[in-house]
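The values are calculated or read from the model by the stated rules, or taken from the named source; none is laboratory data. Since the structure is predicted, the reported quantities are computational estimates derived from the model, not experimental observations. Quick reminder, even Gly has a Cβ in these numbers, built from the backbone with ideal geometry, and neighbours come from all protein chains shown. Side chains are part of the model used for accessible areas, which takes the heavy atoms of the whole protein and leaves out ligands, DNA and RNA. Shrake-Rupley method; radii C 1.70, N 1.55, O 1.52, S 1.80 Å.
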Amino acid sequence: MKRRELLIVLGGVAVAWPLAPRAQQKAMPVIGLLGENPGFMAGIRQGLSEIGYVEGQNVAFEYRLTEGRYDRFPALAADLVGRKVDLIVTGNGTPSALAAKSATSTIPIVFTFVSDPVGAGLVASLAHPGGNVTGFSTMATELAPKRFELLSELVPWADVIALLVNPNNSNAESTITAVEEAARVKRVQLPVLKAASKSEIDAAFATLAQLRAGALVFGSDRFIGGRNDQLVALAFRHAVPVIGEFRGFVIAGGLISFGPSIPGMFRQAGVYAGQILKGEKPADLPVQQPTKFELLINLKTAKALGLAVPQSLLVRADEVIE
């Protein structure tokens, strides 16, 4: 072979070589976001960005939102699996996480807002999840009695405090048991009310006067907790002190709230999602529990309800709205 011909052949190989990997490059990874509303997406994006993933540049999202219809989770989860997404992040506690797990045993899943992931059958243990699922727990059952105690401290004269739970939430029974024990210690009666729709929440508040309930505490539930405007309006209409789970309740005009930091949890979920896209296995990423909790008090609402907030509560508050 002549030298010139050899150079042409070598040149052809040199030109073709960088093109081959380009043709084999993996398509942009797609994350399926499964939730009730878009409130959790900003935190997910933030966490992903910390790992180097930016929407539209090197990662894409498929959004599936139920808008309050928990019965839609299974079909929407199956749709994400059918579209062969690379990862599913769930944003509405146990119902969405269970729907995703039922839909796939291979696509990685990162859940948020699950109160008892082991009890729900999502993971084998918190330290060693196993399988294709990991995520973030809210410690809902553990924190419900604490909210009851804070509310009792705020209204020490109340000998009846009602508990409102969503019967469709898998944590309802464990929450009832835990808060009943706290009420027994305080020697406070605890009527249990159940609501899984807007009208049932209205009906639950309407029974408070008949029950002679001096206050109301919510169980952890994304549906109930996501209806801040309705809950605040009902609390004022029925002149009843209410404690919520998240700061959004107090910001909307509610009296008091105590629970984990929502933005922090979603940001961490985004970090987990990025780590999985880079090759980590869900089975090797332990389920995380919240480490930061927020106590908020709205003094304007307290004044409107004729309540004097004890100094012992004010000094422990992370934020006081005046």
In region 264-298, the residues that are closer than 14 Å to residue 51 by Cβ and small (Gly, Ala, Ser): 269, 270, 273, 274, 279
Residue 242 being in contact with a strand residue (DSSP E or B) (Cβ under 8 Å, 6 or more places away or on another chain), touching a residue at least 12 places away in the same chain (Cβ under 8 Å) and of a type in the set (Val, Ile, Thr): yes
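Those residues that are of a type in the set (D, E, K, R) and closer than 29 Å to residue 201 by Cα, I need them from region 53-104; list them, please.
Within region 53-104, 64, 67, 69, 71, 72 meet the criteria.
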Filtered residues of region 240-260 (kept if farther than 23 Å from residue 139 by Cβ and in contact with a Gly (Cβ under 8 Å, 6 or more places away or on another chain)): 240, 241
Only one of 239, 206, 213 that is at positive phi and open to solvent by 10 Å² or more (accessible area, probe 1.4 Å): 239
Selection count where residues are in a helix (DSSP H, G or I) and either open to solvent by 10 Å² or more (accessible area, probe 1.4 Å) or among the hydroxyl-bearing types (Ser, Thr, Tyr) (or both), scope region 268-281: 6
Residues of region 192-203 that turn out to be hydrophobic (A, V, I, L, M, F, W, C), touching a residue at least 24 places away in the same chain (Cβ under 8 Å) and either surrounded by fewer than 18 Cβ atoms within 10 Å (Cβ to Cβ) or on the phi > 0 side of the Ramachandran plot (or both), as a count: 2
Count of region 126-149 residues which are hydrophobic (A, V, I, L, M, F, W, C), surrounded by fewer than 19 Cβ atoms within 10 Å (Cβ to Cβ) and not in a loop (DSSP other than H, G, I, E, B): 0
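Has region 116-131 got at least one residue that is of a type in the set (D, E, K, R) and either modelled with pLDDT under 90 or out of contact with any Leu (no Cβ under 9 Å at 6 or more places or on another chain) (or both)?
yes
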Any hit, region 211-225, residues being touching a helix residue (DSSP H, G or I) at 6+ places or on another chain (Cβ under 7 Å), of a type in the set (Lys, Arg) and touching a residue at least 24 places away in the same chain (Cβ under 8 Å): yes
Checklist (1) outside any strand (DSSP E or B); (2) crowded, with 17+ Cβ neighbours inside 10 Å; (3) not hydroxyl-bearing (Ser, Thr, Tyr) applied to residue 294, failing item: (1)
Residue count for region 297-322, restricted to those that are at negative phi, open to solvent by less than 70 Å² (accessible area, probe 1.4 Å) and outside any helix (DSSP H, G or I): 10
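Are any of the residues in region 152-165 charged (D, E, K, R), without any contact (Cβ under 8 Å) to a residue 40 or more places away in the chain and open to solvent by 50 Å² or more (accessible area, probe 1.4 Å)?
no
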Criterion: open to solvent by 40 Å² or more (accessible area, probe 1.4 Å) and out of contact with any Leu (no Cβ under 8 Å at 6 or more places or on another chain) - qualifying residue of 189, 230: 189
Selection count, region 44-64, where residues are crowded, with 18+ Cβ neighbours inside 10 Å and over 14 Å from residue 277 (Cβ atoms): 1
Every residue from region 194-229 that is among the basic types (Lys, Arg) and within 22 Å of the chain's Cα centre (by Cα): 194, 198, 222, 227
